[in-house]
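Peer 1: I'd like to ask you about the structure that follows.
The values are calculated or read from the model by the stated rules, or taken from the named source; none is laboratory data. The structure presented is a predicted model; accordingly, all values stated were derived computationally and were not measured. Counting neighbours? That spans all protein chains shown, and the Cβs are built from the backbone with ideal geometry, glycine included.
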Amino acid sequence: METSLVPKPINGKFFTPGVVMMSIIALAGIGFVVFRLFQGLGSVTHLSNQYPWGIWIGIDVAAGVALAAGGFTIAALSHIFHRNEYHVVTRPALLTAMLGYTFAALGVTIDVGRYYSIWHPIIMWNGSSALFEVGMCVMIYTGVLYIEFLPVVTERFIGNVNLKGSLARLNQPIDRFLRKLDKGLDKTMFVFIILGVVLSCLHQSSLGTLVIIAGSKIHPLWQTPVLPLFFLFSAISVGFPMVIMESLISARSFKLEPETKVLSRLAAAVPALLWIYLCIKITDMAIRNTFVYLAQPTTESIMFIIEMLVGVVFPLILLSIKKVRKSPNGLLISSLLVIFGIVINRGNVFLVAYHPPYATTAYFPSIAEIIVTLGFISLEILLYRLIVNHFPVISHD
């Protein structure tokens, strides 16, 4: 990492043809969300009593939360283990996690029938519920992420508070407050870093517990008592690839030099994580004797093979090659494979593997559900671009 690289606002052009296209998709998604809030789930989704969860849970929430794991993995690496060379990618990873958890919470909100009661778990505790634990951990960790991002805000405005007119007398008080806040955060941030890592490990694994509760409704290829371990370890495994992908795409979008040396070091740890995950997976299948299902030409067996080959085996092989790790294109392709594998895994677990008894028709997402999901992704990218344009997030010369 070059010592001259410091976090600064990009101050680049915001509107591009791609931004305009994503803005249209985001507006369409928001429109369907508003329609859903006033007309109910049945007006825009294909959900039913047999299929109570769809892509808003399987993709927007389960996959979204897993892909946001880069926030706590990089925070642990750079702050807890004091690997200072990774500070250059810490803030972008934190911003990605903050936006990811925010939109995952929005996904849960619009998926709940009585969305206006989403706050009930705060005061109506059910300590024996895995969903309660997930909800509380996600809610608290989202708040922790915003606290972790506060130093970026204070750094941006300290010495730059410039209110006009009658509000000008507030400039000095606000500046003093920001300086005190920044000093207090500097002394206590380690508490929030540790809390974030603990909370992330708790709810990432508990999402797997939710699937275990479904019992025989889940196909045996995915239904296992160690599913919480798989969910946690797969989230940790995708943390670094998500940071690599975000860093490389940001560099290309803003025409910056990619941090290839730092990203290559991150990528070197990914094959070991994928190898451990693969070994645990194979051992679990051998103990439960579920290899027999792979001999059956079903949708479940095909999707399982795609998940393992594309998301685990191929990137494991690619990232084990030093030449690939030193190439920005190689890093990007390998990271995208891991990310794709996680999305497929969560989609398989929550959608493909789920077969409720007495179901008369199979679930397939409606056009509105797909547009809302694409709208959330587009809006998240737009907010990321807007924030890095005005706040010191990305380090550059």
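Peer 1: For segment 21-66, give me each residue that is among the aromatic types (Phe, Trp, Tyr), outside any helix (DSSP H, G or I) and touching an Asp or Glu at 6+ places or on another chain (Cβ under 9 Å). Reasoning before the result, please.
Peer 2: Just the residues of segment 21-66 that are among the aromatic types (Phe, Trp, Tyr), to begin with: 32, 35, 38, 51, 53, 56.
Of the ones still in play, those that are also outside any helix (DSSP H, G or I) are 51, 53.
Result: TRP53, single match.
Peer 1: What number of residues in segment 1-20 are part of a helix (DSSP H, G or I) and of a type in the set (Val, Ile, Thr)?
Peer 2: First pass over segment 1-20, keeping only residues part of a helix (DSSP H, G or I): 17-20.
Filter once more, so that each one left must be of a type in the set (Val, Ile, Thr): 19-20.
Of the residues in segment 1-20, 2 are part of a helix (DSSP H, G or I) and of a type in the set (Val, Ile, Thr).
Peer 1: How many residues are within 13 Å of VAL349 (Cα to Cα) and surrounded by 21 or more Cβ atoms within 10 Å (Cβ to Cβ) if we restrict to segment 194-217? Lay out the reasoning, then the answer.
Peer 2: Quick first cut of segment 194-217, residues within 13 Å of VAL349 (Cα to Cα) only: 207-217.
With surrounded by 21 or more Cβ atoms within 10 Å (Cβ to Cβ) added as a condition, the list becomes 207-208, 210-211.
Within segment 194-217, residues that are within 13 Å of VAL349 (Cα to Cα) and surrounded by 21 or more Cβ atoms within 10 Å (Cβ to Cβ) number 4.
Peer 1: Quick one: is GLY196 within 29 Å of LYS8 (Cα to Cα), touching a residue at least 24 places away in the same chain (Cβ under 8 Å) and in a helix (DSSP H, G or I)? Write out each step before concluding.
Peer 2: Details: within 29 Å of LYS8 (Cα to Cα): yes; touching a residue at least 24 places away in the same chain (Cβ under 8 Å): yes; in a helix (DSSP H, G or I): yes.
When the stated conditions are applied, GLY196 passes them.
Peer 1: Here's a check for you: in segment 326-353, which residue that is among the β-branched types (Val, Ile, Thr) and farther than 10 Å from GLU307 by Cα is surrounded by the fewest Cβ atoms within 10 Å (Cβ to Cβ)?
Peer 2: Keep residues of segment 326-353 that are among the β-branched types (Val, Ile, Thr), which gives 333, 338-339, 342-344, 349, 352.
Right, trim to farther than 10 Å from GLU307 by Cα and you get 333, 339, 349, 352.
Numbers: ILE333: 15, ILE339: 21, VAL349: 27, VAL352: 21.
My answer is ILE333.
Peer 1: Here's a check for you: in segment 338-390, which residue that is among the β-branched types (Val, Ile, Thr) and in a loop (DSSP other than H, G, I, E, B) is nearest to PHE15 (Cα to Cα)? Please lay out each step first, then the result.
Peer 2: Just the residues of segment 338-390 that are among the β-branched types (Val, Ile, Thr), to begin with: 338-339, 342-344, 349, 352, 360-361, 367, 370-373, 377, 381, 387-388.
If we keep only those that are in a loop (DSSP other than H, G, I, E, B) as well, we get 360-361.
Values: THR360: 47, THR361: 44 Å.
The selected residue is THR361.
Peer 1: If you don't mind, there's one more thing I want to ask. Are any residues in segment 97-130 assigned to a helix (DSSP H, G or I), farther than 22 Å from VAL33 by Cβ and of a type outside the set (Gly, Ala, Ser), and if so, which ones? Walk me through it before giving the result.
Peer 2: Start the filter on segment 97-130 by keeping residues that are assigned to a helix (DSSP H, G or I), which leaves 97-111, 115-117, 120-122, 130.
When the remaining residues are screened for being farther than 22 Å from VAL33 by Cβ, the result is 97, 122, 130.
Of everything in segment 97-130, just one residue is assigned to a helix (DSSP H, G or I), farther than 22 Å from VAL33 by Cβ and of a type outside the set (Gly, Ala, Ser), namely ILE122.
Peer 1: Is there a residue being in contact with a Pro (Cβ under 6 Å, 6 or more places away or on another chain), hydrophobic (A, V, I, L, M, F, W, C) and without any contact (Cβ under 8 Å) to a residue 12 or more places away in the chain anywhere in segment 130-146? Show your work before the answer.
Peer 2: So in segment 130-146, the residues in contact with a Pro (Cβ under 6 Å, 6 or more places away or on another chain) come out as 132, 135.
Then keep just the ones that are hydrophobic (A, V, I, L, M, F, W, C); that gives 132.
Adding the requirement that they be without any contact (Cβ under 8 Å) to a residue 12 or more places away in the chain leaves 132.
Yes, that holds for at least one residue.
Yes or no, residue by residue, for (1) closer than 23 Å to GLN50 by Cβ; (2) touching a residue at least 12 places away in the same chain (Cβ under 8 Å); (3) in contact with a Ser or Thr (Cβ under 9 Å, 6 or more places away or on another chain):
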{"residue": "GLY341", "(1), (2), (3)": "no, yes, yes"}
{"residue": "VAL349", "(1), (2), (3)": "yes, yes, no"}
{"residue": "PRO365", "(1), (2), (3)": "yes, yes, yes"}
{"residue": "LEU382", "(1), (2), (3)": "no, yes, yes"}
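Peer 1: Hey, among ASN289, ASN329, ASN348, which residue is over 22 Å from VAL238 (Cβ atoms) and at pLDDT below 95?
Peer 2: Within the list ASN289, ASN329, ASN348, the selection yields ASN289.
Peer 1: Look through SER166, SER117, SER128 and report the one residue that is small (Gly, Ala, Ser) and more than 30 Å from LEU41 (Cα to Cα). Step through it out loud before you land on a result.
Peer 2: Working: SER117 fails: more than 30 Å from LEU41 (Cα to Cα); SER128 fails: more than 30 Å from LEU41 (Cα to Cα).
SER166 is the lone residue from the list that is small (Gly, Ala, Ser) and more than 30 Å from LEU41 (Cα to Cα).
Peer 1: If you don't mind, another one. Can you go through GLY165, GLY143, GLY107 and tell me which one is within 23 Å of GLU246 (Cβ to Cβ) and out of contact with any helix residue (DSSP H, G or I) (no Cβ under 8 Å at 6 or more places or on another chain)?
Peer 2: Numbers: GLY165 fails: within 23 Å of GLU246 (Cβ to Cβ); GLY107 fails: out of contact with any helix residue (DSSP H, G or I) (no Cβ under 8 Å at 6 or more places or on another chain).
Step by step, each of GLY165, GLY143, GLY107 is checked, and only GLY143 is within 23 Å of GLU246 (Cβ to Cβ) and out of contact with any helix residue (DSSP H, G or I) (no Cβ under 8 Å at 6 or more places or on another chain).
Peer 1: Looking only at segment 299-324, how many residues end up being of a type outside the set (A, V, I, L, M, F, W, C) and surrounded by 14 or more Cβ atoms within 10 Å (Cβ to Cβ)? If you could, list the steps in order and put the result at the bottom.
Peer 2: At the first step, the residues of segment 299-324 found to be of a type outside the set (A, V, I, L, M, F, W, C) are 299-301, 307, 311, 315, 320, 322-323.
When the remaining residues are screened for being surrounded by 14 or more Cβ atoms within 10 Å (Cβ to Cβ), the result is 300-301, 307, 311, 315, 320.
The number of residues fulfilling the criteria is 6.
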